[in-house]
Every structure is written in structure tokens, then in C-alpha cells.
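What follows is one structure encoded as C-alpha cells, with my remarks underneath.
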Amino acid sequence: MTTTAIAPHPAQRRILTVLVTAQVLSGAGLAAGITVGALLAQDMLGGAGWAGLPSALFTIGSAAAAALIGRTSQRLGRRTGLAAGYAAGALGAVGVVAAAAADNVVLLFASLFVYGAGTATNLQARYAGADLATPRHRGRALSTVMVATTLGAVVGPNLVTPLGDLARTVGVPELAGPFLLAALAYASAALVLGLALRPDPLTTARAQAVTEDTATDSPQTDAVAANTRMLLLGAVVMVLAQLVMVAIMTMTPIHMTHHGHSVGAAGLVIAVHVGAMYLPSPLSGLLADRAGRLPVAAASGVTLLAAGLLAALAPPHSVGLLALALALLGLGWSFGIVSGTAIITDAAPLSTRARTQGLVDVAIAVAGAGGGLASGMVVAAGSYALLSLIGGLLALAVLPAIAWSARLGAAPQS
């Protein structure tokens, strides 16, 4: 199917600027809060037995918020959906600080659940970057929004110590300090989006589509515009990338410390991994636009396989090889998320686009939670090498999924 050349919307550059600003702010809150969530729970509960519960609550909250943000954006526009999501994340962060000050575990867990909305919103913002982009520029537009998270994510964890000092001066437990930053960061992101994300990208895209259909006298119904096979493929690509990435990443620090490496060395490897997830996003977007969505999705599976093989075969004492394996893991995730997002945005009709995207992000959050839980069981029953091999081979499932879509005649818009 041939696509007519479409001029970029005049508001697209401004919309990307606003989204990037909000992502830089929210990235700081996201990373700073996650860094100490488990430690805070362990401190309040007096033991490590339930320290994993915050991560589970956070993930469940993120999944629930993804669906709600998608539905809200569908009805009221991206500005309302994203601003409300960040506002909920800020409220959750304030609740965590209050729970720490009152030593109230029930409030802590409830607040962590609400705090998960911040992560969901941070991820959903990439869709807003693609709403008004032309089909040939969607990959680059959404990857621009994604890469903006990097700055905040790098700055946030480095502020843990000064924020702990600040918390003590205001009579709050030290480990609650990063959540003060999270509350401020998420509230600022909500304010930026609420005030400046104008015109709303999704509602404007809808209005533009109606105008174009009227002008050409060839309206497309949802049944024609929707491409179920490609929607399914985009979801599969992103779910597999998230599942494999979280599973291997979660167990790498444990694998390293079990073999005598310091926590600092493990932290360095994870920092390399996080950088490789977000920094190559512009490259992933450019490739998705120039080479096509499907080749980049296939590259995701192959790159994740290479990461799994290298992690499995790397000598446990080699920090360099483990860092390289985790960098490949991050790059494979970037290829998968960017190409999968572009596929979903191409295939979803505007009348249901935001709701569909929200449901896909629910599946991604659940896959991440499942990968994290399963990784510990696989390592306990076998080894880190076995986990890495299984993860790498599982990532290759994207190749038959792509072949299936191509064989049935589905083709991405480009």
C-alpha cells in the first residue's frame, strides 16, 4: 500500500520540546525513587523477607496506571492523561515520605502502588511524540522522547546521599529522601505538560485525519485502518524485549556479587546497561524509519540473543565482558521498544489508538514483572548462564512472529 507524502504538522517541534522537558524532569523522580524503595521497606520491616514487595507493588501500580492513562488520553487527550499520570506519581511519592515519617507500612505499600503511575506515564509519553509525526518520522519522534529520560535517570541516583541529608534535616528517615525529589520531579512534569502541551497531539491528529478524509472524499473506517496482525506483532516484539531484558538484568548484580565483585562494580555494569537502553534510541528510531519497522524488530531478537550468549559464556570474573553483554541487552531492548511502538502507532486507528497503546503497556509491565520473578527461580534451579541462554533463545521468538505477519500480507507503513 502506497502512502502519500504528508507534510509535518507545524506544532510537532513544539510538542517534542515540551515532552522532552517533562521527560528530563520525570526521569530524575523515576530513578531516584526506585533506587531505595526496597531498602526503605527492609528498614521499616526490620528484615529482608518482604523487601521485594515494593517492586511488585510498584509494577502492579504501573500496569494499572498504563491502562487508565490510555483510556483517559483516548477520551480527553494526551495532555490530560499524561499530566494526571505524573500527578498521581507525585502523590504516591508524597505518600511514601509520609509513611516513612509515620513508620506506617500499610501506607508505604499503598503509596508505592500509586507511585507506579509515574513509571507508566514516563513510558506512555513516547506515544505522544509520535501522534503528529509523519509515518516516515515516527520512529525518530518517539525515540527523541525516550532518550530524554536518560539525563534525569543518570542524575537521580547520584542525588541519593544529599537527599538523604535533606530528609534528616526535615525530620524524615534518610531513605525517604529520594522520594522528596520524585514528588517534586513528577509534579513539575505534570505542570509542564498541563500548561504547555498545546495543541494536544492526539486530538489534533484526530482533527487532521478527519480534514484529510473529507478533502480526499475517501474516509477510512476503523475496520480498514486497523491492522490486527501488526498490532499483535508490535505487542509481541515489545513484550519479548521487556521480558528478556528484565530477567537477565535483574540477576546480573546477584551473579556478580556471588563471584566476589563489589556492589560498585555491579552498579557500573547496570549503569552501562541503562545507558545502552536509552542513549541509542535516536539510532533505533532512525533505523525504524529508514530500514523499516520489521528489520529493526528482527535486529532486536538477534541482539538480545547475542547478549544472552555473551552473558552465559563470559567468565564470572570479567567485568568488561559482563558490561558488554548488558550493553547489548540494553541495545536489543531499545530496538524492540522503538520498532514495536512504531508498529503499534502505524496500525492503531486514531479512534482507539491511546486505549490500545495503554493496554499494550499493561502487557509490557506484566512481562517485566514476570521476567523478574522467573529469573530468580531459574537461577535457583540452574544457574545465571542457563537463565541467559534461555532469555537469548526466547528473544528469537520474534523472528517467526515477523515471518507470520509478512506471510499473511501485513506490511508496516513507512
### Message
Being surrounded by fewer than 20 Cβ atoms within 10 Å (Cβ to Cβ), polar (S, T, N, Q) and closer than 30 Å to T72 by Cβ narrows it down to one residue among S334, S318, S351; which is it?
### Response
S351
### Query
Can you tell me which residue in the range 372-400 is modelled with the lowest pLDDT, limited to those that are buried (at least 22 other Cβ atoms within 10 Å of the Cβ) and within 22 Å of the chain's Cα centre (by Cα)?
S375
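Every residue, every condition in (1) over 16 Å from the mean Cα position of the chain (by Cα); (2) more than 22 Å from L387 (Cβ to Cβ); (3) among the hydroxyl-bearing types (S, T, Y), yes or no:
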site: A288; (1), (2), (3): yes, yes, no
site: A297; (1), (2), (3): yes, yes, no
site: A314; (1), (2), (3): yes, no, no
site: L326; (1), (2), (3): yes, no, no
site: L329; (1), (2), (3): no, no, no
site: A348; (1), (2), (3): yes, yes, no
site: A365; (1), (2), (3): no, no, no
### Task
Could you check H261 against (1) of a type outside the set (S, T, Y); (2) under 24 Å from V398 (Cα atoms); (3) not in a helix (DSSP H, G or I) and say which number it fails?
(2)
### Query
Out of curiosity, is A182 modelled with pLDDT under 80, in contact with a helix residue (DSSP H, G or I) (Cβ under 8 Å, 6 or more places away or on another chain) and assigned to a helix (DSSP H, G or I)?
no
### Task
Take the range 84-115 and flag every residue that is under 30 Å from L16 (Cβ atoms) and crowded, with 24+ Cβ neighbours inside 10 Å.
G85, Y86, G89, A90, G92, A93, Y115
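Quick one: which of V239, V274, V246, V302 is part of a helix (DSSP H, G or I) and farther than 27 Å from A381 by Cα?
V274
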### Message
Exactly one of these conditions fails for L294: (1) surrounded by fewer than 20 Cβ atoms within 10 Å (Cβ to Cβ); (2) under 17 Å from A241 (Cβ atoms). Give me its number.
### Response
(1)
### Query
Got at least one residue in the range 270-290 being modelled with pLDDT of 95 or more, of a type in the set (V, I, T) and in contact with a helix residue (DSSP H, G or I) (Cβ under 8 Å, 6 or more places away or on another chain)?
no
### Task
Have a look at T203, T250, T214 and point out the one that is at pLDDT 85 or above and hydroxyl-bearing (S, T, Y).
T203
### Task
Look at Q220 and say whether it is surrounded by fewer than 18 Cβ atoms within 10 Å (Cβ to Cβ) and either in the same structural domain as V362 (by TED's automatic domain parsing) or at pLDDT below 85 (or both).
yes
### Task
Would you mind stating whether R75 is within 19 Å of L286 (Cα to Cα), surrounded by fewer than 24 Cβ atoms within 10 Å (Cβ to Cβ) and in the same structural domain as V18 (by TED's automatic domain parsing)?
no
### Task
Please specify each residue of the range 308-341 satisfying the condition of being touching a residue at least 24 places away in the same chain (Cβ under 8 Å), touching a helix residue (DSSP H, G or I) at 6+ places or on another chain (Cβ under 8 Å) and not in a helix (DSSP H, G or I).
P316
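What residue, among those in the range 354-371 that are of a type in the set (G, A, S) and farther than 14 Å from A128 by Cα, is surrounded by the most Cβ atoms within 10 Å (Cβ to Cβ)?
A365
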### Query
Does the range 68-93 hold any residues that are modelled with pLDDT of 95 or more and of a type in the set (A, V, I, L, M, F, W, C), and which are they?
L68, I69, L76, L82, A83, A84, A87, A88, A90, L91
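The values are calculated or read from the model by the stated rules, or taken from the named source; none is laboratory data. Note that the structure is predicted; figures quoted are calculated from it, not measured. Methodologically, a virtual Cβ is constructed for each residue, glycine included, from the backbone with ideal geometry; neighbour enumeration extends over all protein chains shown.
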